[in-house]
Amino acid sequence: MDAAAEVPAEEILFQKHAKYFVRFLNILPARLASHDSTRVTIAFFAVSGLDVLDSLHLLSDSFRTDIVNWIYSLQVVPGVGARPCGGIQGSSTLNVLNPPECCGLEAYRWGHLAITYTGIAVLVALGDDLSRLDRRAIIDGVAAVQRPDGSFSATIDGSEHDMRFVYCAAAICAMLNDWGRVDRRKMAEYIQKSIRYDYGISQHYEMESHGGTTFCAIAALELSGQLDILSADVRARIVRWLVFRQQDGFQGRPNKPVDTCYSFWIGATLKILNAFELTSSKDNRQYVMSTQDKTVGGFSKWPGSHTDPFHTYFGICGLSFLQEPGLQPVEPALNISQRAFQRLKQLHAVWELEREQPDGNGTVPSSSSNSICVKRDVRVNIE
């Protein structure tokens, strides 16, 4: 055998990964009991993972309906005069039928931005028309958790406020095609102030640059149609910071080990900035594939580590960016399949027609909608 001959590329075990996601939709291991309040995000990784694998057909119609109904059962719609806490909650724990007035459970039921974002994404991936969502209550809930500095909290009470929830807020508004009273300009200012000296973007002011929050910031600007606030020079410096995160796979911060999930976080950001071609696709793929579990399916953060739905989903998305045969393309800014993205745009067109219909007084209601903005025609060069 010719010593110079290349070793055949490792193949993706499509069926094993699909079965892996289906298992997580059917039953969760006991070790994940502490994640009860974030079950919707686990469902997101599994459903969206099946979507990117083009394997949603493994879910029966009745199972899909059960998942959709479960998401809607977690929707919180505040009553008249109540605080604007609309959205989707992470758990059914507080859904007690006819609770005694003394316990005050209703005061603790509110939407959570990350859960609302992933919940809507699950509904769209499964082909739901979102007709049972109270879109106005959700958008009002998003606006209610925006802080004076432009950032967002996850919930109306008792939560951090940082770049993670800036992204979730932008994604929700973009998916529902309505920004309501959200101050987009203030949000953009918060993002600009979080650009660090090395041109990565931090989770909050004066914190360390991070690949995940750099994605959150850039994607939020993209989704809100404000990416042009970054000068060509700043974009180039951000791209440079991102490209330098590649070792073989990608790391999230300088001097940290590479991790499968950053094939998405870094890759998606470079996709938005039209600079993904500056990376080594071969090295990226080899690293992600080195974390594939050939026995039960799934991907892990490091070779030989335990797999989980989070790293499995983001590893598959990272491979999709490499145009891996058999994988559905992914819309980087919204972190959903292109198929789901096209379905969203169809819903937006329907909603726009509804908005144009005159009300009972013969007037057309005003709208604060802003069609999902995906502009990727500007190339960035770095020295």
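How many residues does segment 146-166 contain that are open to solvent by 10 Å² or more (accessible area, probe 1.4 Å) and of a type outside the set (S, T, Y)? Steps first, answer last, please.
Residues of segment 146-166 that are open to solvent by 10 Å² or more (accessible area, probe 1.4 Å), as a first pass: 146-149, 155-161, 164-165.
This time we only want the ones that are of a type outside the set (S, T, Y), so: 146-149, 156-158, 160-161, 164-165.
Counting residues in segment 146-166 that are open to solvent by 10 Å² or more (accessible area, probe 1.4 Å) and of a type outside the set (S, T, Y) gives 11.
Tell me which helices (runs of 4 or more DSSP H) are completely within segment 165-244 and hold 3 or more residues being out of contact with any helix residue (DSSP H, G or I) (no Cβ under 8 Å at 6 or more places or on another chain), or say none if there are none. Walk me through it before giving the result.
Working: elements: 184-193, 211-223, 232-243.
Ranges flagged: 184-193, 232-243.
Of all residues being within 22 Å of the chain's Cα centre (by Cα) and open to solvent by 50 Å² or more (accessible area, probe 1.4 Å) in segment 54-64, which is nearest to P329 (Cα to Cα)? Just the residue, please.
This residue is D54.
Quick check on this structure: which one of G249, G225 is closer than 30 Å to Q292 by Cα, touching a residue at least 24 places away in the same chain (Cβ under 8 Å), open to solvent by less than 60 Å² (accessible area, probe 1.4 Å) and within 22 Å of the chain's Cα centre (by Cα)? Spell out the reasoning first.
On the way: G225 fails: closer than 30 Å to Q292 by Cα.
G249 is the lone residue from the list that is closer than 30 Å to Q292 by Cα, touching a residue at least 24 places away in the same chain (Cβ under 8 Å), open to solvent by less than 60 Å² (accessible area, probe 1.4 Å) and within 22 Å of the chain's Cα centre (by Cα).
Going by the structure shown, is K301 within 20 Å of Q246 (Cα to Cα), open to solvent by 10 Å² or more (accessible area, probe 1.4 Å) and part of a loop (DSSP other than H, G, I, E, B)?
Values: within 20 Å of Q246 (Cα to Cα): yes; open to solvent by 10 Å² or more (accessible area, probe 1.4 Å): yes; part of a loop (DSSP other than H, G, I, E, B): yes.
Yes: the conditions hold for K301.
Only one of (1) closer than 30 Å to S62 by Cα; (2) out of contact with any Cys (no Cβ under 9 Å at 6 or more places or on another chain); (3) aromatic (F, W, Y) fails for Y117. Which number is that?
The failed condition is (2).
The values are calculated or read from the model by the stated rules, or taken from the named source; none is laboratory data. Source: prediction; values computed, not measured. Quick reminder, even Gly has a Cβ in these numbers, built from the backbone with ideal geometry, and neighbours come from all protein chains shown. Just the protein is used for accessible areas: all its heavy atoms, side chains included, with ligands, DNA and RNA removed. Shrake-Rupley method; radii C 1.70, N 1.55, O 1.52, S 1.80 Å.
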